[in-house]
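Written below as structure tokens is the structure these notes are about.
Read-outs throughout are calculated quantities, based only on the coordinates presented, and are distinct from any laboratory measurement. From a predicted model like this one, the values you see are computed outputs, not experimental measurements. Positions of Cβ are generated from backbone atoms using ideal geometry, with glycine treated the same way; all protein chains shown enter the neighbour counts.
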Amino acid sequence: MMSEPVTGTRPLSFARLLWLRTTLIFKNPTLYTGILGILVFLLLYYLTTEVWKLPRFEKLPGPVAVLKEWFNPDPMWGISLYTPDYYQHVWASVRRVSIALLIATSLGVPLGLLMGWSKVFKDYTFPLLEILRPIPVLAWVPLAILMFSGTETPVIFLATLASFYVTVLNTLLGVESINPAYLRAAACLGSKRRHLFWHVILPGALPFIFTGLQISVGVSWFSLVAAEMVSGQYGLGYLVLNSYTSVTYETIVIMMITLGVIGYASSALVRLLGRQLMQWRVRALAMEKR
Amino acid sequence: MNRSQLGGSLSIRHVSKIYDPEGVNVHALHDCSLEIPAGEICMVLGPSGCGKTTLLNAVAGFHDISSGEIRLDDKVLCNDAKPQAVQGPDRMVVFQNGALFPWKTLLDNVAYGPIVQQRLAPKMAREKALEMLAEAGLADVAQKYPGEVSSGMARRAEIVRALINDPKILLLDEPYRAMDALTKSIMHENLLRIYDLKPVTIFFITHDLEEAIFLGQRVVIMTTRPATIKEIIKIDLPYPRDHRVLSSEAFRLLVTRVKASVHAEAEKAFAAGEKEFA
Amino acid sequence: MNLKKYLLRNKALWRGLIALGGILLVWEILAHWRLWFGYSLPGIGLMPAPSAVLALWGQVLLDDSYWVSWYASYSRVLLGFCLAMLIGIPFGLMLAVNRHLHAFFFPIFETLRPIPPLAWVPASLIFWPTQEMSIVFVIFLGAFYAIVINVLGGAKNIDIRYLRAAQSMGAGQWSLFWRVVLPATLPSIFTGAAVGMGITWEVVVAAEMIAVGGRVYGGGLGFFVWNSFVGGSTEQAIIGMLSIGIAGYLASSLIRYTGNRLMPWHSAA
């Protein structure tokens, strides 16, 4: 059922898409229930830690203390929005994750595509992947330290590994999910192998590749934070743990929030990129009016 | 118009196909023989799952055959020595649920064939594609993606995509199966109009009796598995045909005749619990 | 006779075995490089040989502390995971069924989700009285998110026709829930469980490496790996790694097996 005809034939500009989505959010009544929910949560957090001072909660830093520290030009524990150290740590982590994602994607996507394309290749490589995959990424910490010198490379390696697994699997799934009719149609139309690859396999697998990329971002952060906690010198994970051992508790919460925000932003970025590259899906879904 | 110049003649001789999924033989086709002259609209009718699509796949080169021979214009497509035909633009297929590439606009879809075969430069290919789409009444939606247009438009575009490659034979695998009856009847008239302009040989698979009689010059009735040719009925209705033909006396008589033949097969298929291998 | 025929026909199996065998062989050669050629290759060349690892594994299997590590890790995993399932599934279903609860709780849930579970470790250590409880809490968090997200996704995607069909046959609210919503969501619950189990093992290993340190008994497999490495035996660390892999795989297989038993319609399709 089409409620209003799509008149223009030019693809919707990025700005217009963004505007449409944003206004849609504000018209939604559930937005306000959601805000209420968050406010209630914050209120409870505040009350239990700073007002009622319940037995286990009193040791936790309350939201007021955290906010005071975060926005303090001269913070007690050295980390706030005003200190350069803060941004140094943020940048260290962001840099590592970006490198990890770059390597994992540039290795993982071609590998996944190849595995989906050639059954022989998959037969040789898939078992190896499936045996290594159940080993949690962090169990690799000792080996990573052994194999790679320095403090940066092992940490990046771990984030790359986690991201790599997800990327390869999702790309493979993407290729295997392509409707065989498309491949047949392309063959009928006289495509050579390279045409099949660039015009059918790659675009066909793209939705899955992007789903994989989103998951990959999350997994990468997960592993990075863990790796930094175990063996890092800079970075958000390291700082979170350090704040615990040096009893600067407010910093813990600051870093947690920072991690949350950055994590969300990076996922959103990937999603936006995906929407741009896959205009056909956006517009097809819009037509279905789910 | 010299029909034989445009279409290709298809010769299917004693073709059999036996699948072997997990060691249990599935006898899909048994000794099918059929001669289709150039430029004919040949409708293949039969109940679901009987093997009609297997025959089409063999001609298109998607499957191999276990025995027999298929020739196009006296050139061997496949036989015992070479069991699988090579896929190519001389035998264009239009698929059941549509196979327009969802990530390309209709225009790019249609232009794809000539570009990839290097018969036309990309710019020329797009111009020709737009021209042919306009002829089909799709000029307005040429820049849209398949997901944005109705199934009727998509199917028409797919036929254009096939025809731009000057195929010798058009293989249609129940292309209108998923459409409502009203759209279907419009698509039928549309197909016949296209055929008038460009009389390519048409090999059309369907389970819809009336569709078969309305469109075709001959209706080939196939049995249930193992499928073989049961009967070939000649359709004497004159061209051009439009929807009014459907209520004519001659049409109704043909329906009765075809139904008498195919109904028994339909009952057998139903009893056997045939599942359509979509 | 049947097995032989299967092996002969199954080219995929042979190729896989050849690939694995090849890798092990290359690994073995690289590990001995130093011995044979006088210098060691960077990176992989510094790893101990597979033969050494296997030899030591035979010994380790007889060592008590190894099995205690298995027990310690598994008990944490099971506790955290079961809690996540027990709380997560009802929570997810509740949010899926009731639009108001969804509007209220989901934003908080989504806001907290991007925070990696391990970032909760310090806060957890401060809050909970014992170290064990804090580890289990973090495990719980990791698995909880995965399970809830999958349950929500599954419940939302139930074909509305199933619900309407049931209603037209006279199903009341409860009946609708138990006989339509729950079975229809079952596949997603199991996907969530599988993903959650994977996350659980990741968190367990990390938490054991970070937080447990100092105890030899009851440290768990993560601690076993770290301790072996720090104590100088890389072979043992690798054994630990592979053990965790096996342990995780067993746990996931159990989930998959249970899933297949509870959902016969799924595999028959």
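Quick look at the values:
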{"quantity": "Helix axis angle, C:11-37 relative to chain C longest principal axis, alpha carbon, degrees", "calculated": "40 degrees"}
{"quantity": "Chain A: DSSP helices with Cα axial extent of at least 15 Å and average Kyte-Doolittle hydropathy no lower than -1.0", "calculated": "A:14-27, A:30-46, A:84-117, A:119-132, A:152-176, A:202-231, A:249-277"}
{"quantity": "Listed residues B:R244, B:R193, B:R119, most fluctuating in chain B (Gaussian network, C-alpha, under 10 Å)", "calculated": "B:R244"}
{"quantity": "Spacing of the two label points (7 Å from each Cα toward its C-beta) at A:I99 and A:F26, in nm", "calculated": "4.2 nm"}
{"quantity": "26 Å Cα-Cα reach of A:K53 towards lysines, excluding residues that sit fewer than 8 places from it in its own chain", "calculated": "A:K68"}
{"quantity": "Part-to-part distance (alpha-carbon centres) for the range A:65-127 and the range B:210-277, which is given in Å", "calculated": "63 Å"}
{"quantity": "Two-site label geometry, B:A272 and B:K123: point separation in nm, points 7 Å out along Cα→Cβ", "calculated": "5.7 nm"}
{"quantity": "Centre separation in Å (Cα based) which lies between the range B:163-189 and the range A:208-261", "calculated": "57 Å"}
{"quantity": "Computed helical MRE - 222 nm, the protein assembly as shown, DSSP H runs ≥ 4 contributing -39500 (n - 2.57), nearest 500", "calculated": "-20500 deg cm²/dmol"}
{"quantity": "Partner aspartates and glutamates for B:K144 [C-alpha distance under 13 Å; skip if fewer than 8 residues away on the same chain]", "calculated": "B:D108"}
{"quantity": "Distance between the range B:8-38 and the range B:40-114 - C-alpha centres, whole angstrom", "calculated": "13 Å"}
{"quantity": "Choice from A:G263, A:G150, A:G34 showing the highest fluctuation, given a GNM over chain A with Cα pairs closer than 10 Å", "calculated": "A:G34"}
{"quantity": "DSSP beta bridge pairing in the protein assembly as shown, given as percent antiparallel to the nearest 5", "calculated": "50 percent"}
{"quantity": "Anchor B:K184: lysines whose Cα lies under 16 Å away (excluding residues fewer than 8 positions away in-chain)", "calculated": "none"}
{"quantity": "Residue pairs, from the table B:K75/B:K104; A:K192/B:K75; A:K192/B:K52; A:K192/B:K104, whose Cα atoms sit over 26 Å apart", "calculated": "B:K75/B:K104; A:K192/B:K52"}
{"quantity": "FRET efficiency estimate (nearest 0.05) - Cβ-Cβ, A:I131 to A:L285, R0 51 angstrom", "calculated": "0.85"}
{"quantity": "Helix C:50-60 axis, angle to chain C major axis (alpha carbon atoms, nearest 10°)", "calculated": "70 degrees"}
{"quantity": "On Cα atoms only, tilt of C:182-207 relative to the major axis of chain C in degrees", "calculated": "30 degrees"}
{"quantity": "For chain C, fraction of C-alpha pairs farther apart than 35 Å, in %", "calculated": "36 percent"}
{"quantity": "Considering only chain B, percent of DSSP beta bridges that pair antiparallel, nearest 5", "calculated": "50 percent"}
{"quantity": "In sequence order, calculated HN-Hα J values of the range C:101-118 (Karplus, 6.51, -1.76, 1.60; Hz; x Gly/Pro)", "calculated": "4, 4, 4, 7, 8, 4, x, 4, 4, 5, 5, 7, 4, x, 6, x, x, 5"}
{"quantity": "Spin-label model distance (nm) - B:R193 vs C:A52, 7 Å beyond Cα toward Cβ", "calculated": "8.0 nm"}
